[in-house]
Amino acid sequence: MANKKEVDFTKFSEENKFIAPVIIITLLIVFIAFFNPIAIVGVGERGVKVTLGKVSPTSYIEGIHFVTPFISSIKNMDVKTQKNYIETSVYTKDIQQAKITYVLNYNLQPENAHKMYREVGMNYLDTIVTPVVEGTIKDVIGKWNAQDLVANREKATQEILIKLQNHLTPKYINVTDFQMTAIAYSGVFEKAIESKVTAEQEALRAKNKTVQIQEEAKQQLISAEAEAKSMSIRAHALSQNKALVEYEAVQKWDGKLPEYMMGNSIPFINLNKK
């Protein structure tokens with residue numbers, strides 16, 4: 001009987017060898033799940049540690065970080081480049097309403113994520129970025145007349161980009177690109193611009209035609225004046241030199257003597273001159 005009890009005790013001890021690790025692992029999983037002492041900062045993120053309401057003085061990089069349950073936690077802030085397509089309505093200098101479609105590329109400065117969280121919070125897009133962008137666009141567009149804005153869109157775009165960088169960099173936002181993809185006016189104004197451009201093109205063509213006619217007339221006048229001057233010089237020379245008259249006659253003679261001659265006359269020149 002004693003031997004039987006000893007065998008049962010040994011069996012119980014063998015079973016405990018497997019149960020104990022399982023219990024420990026289970027308790028560890030429950031502890032981690034319930035108390036959550038581990039925080040993970042993902043790719044393209046920065047962690048902000050908050051301890052009893054106080055924000056950490058640095059931003060935590062990607063990876064695993066340990067926190068004190070119920071006392072500390074880590075808030076993840078996205079620092080990847082964000083690309084927003086937005087449409088807004090503005091007024092030009094000549095009080096024409098325009099719908100501006102634009103693309104904005106920006107990102108939260110990784111090294112200042114904790115400062116953004118402390119001063120603004122997670123929703124910095126609506127709190128900081130959007131108001132600054134909208135205000136800057138209205139300020140720049142308001143300096144241009146509607147028609148001039150179309151012709152100088154690239155210049156206005158560059159000015160907006162520089163202003164955004166100057167305004168948002170101190171607020172922990174990097175603006176990497178800004179592009180106006182479309183400028184739309186009312187249908188009536190679009191037709192007015194088209195008509196004006198057409199009229200300007202017609203006026204330019206007429207002006208060019210006038211200049212061409214004036215230039216042709218000028219050339220003709222110059223040619224006529226030159227011919228008249230040449231004839232005057234030649235006439236004067238012929239009147240002063242008989243030999244030159246005969247030379248001119250020879251220049252125009254085709255080499256044939258006339259078939260009929262009266263008396264001893266020679267048609268052009270005197271060949272017996274001495």
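Here, each number is a calculation from the coordinates, and none is a lab measurement. What you see is a predicted model, and the numbers here were worked out from it, not measured in a lab. Positions of Cβ are backbone-derived with ideal geometry, glycine not excepted, and every protein chain shown enters the neighbour counts.
Things worth noting here:
- Residues that are exposed (fewer than 15 other Cβ atoms within 10 Å of the Cβ) and under 18 Å from Ile173 (Cα atoms), drawn from the range 62-85: Asp78, Lys80, Thr81, Lys83, Asn84, Tyr85
- Summed over the range 86-137, residues that are in contact with a strand residue (DSSP E or B) (Cβ under 7 Å, 6 or more places away or on another chain), free of Cβ contacts under 8 Å to residues at least 40 places away in the same chain and surrounded by 17 or more Cβ atoms within 10 Å (Cβ to Cβ) total 0.
- Condition check for Met122 on (1) assigned to a loop (DSSP other than H, G, I, E, B); (2) farther than 24 Å from Val50 by Cα: one failure, at (2).
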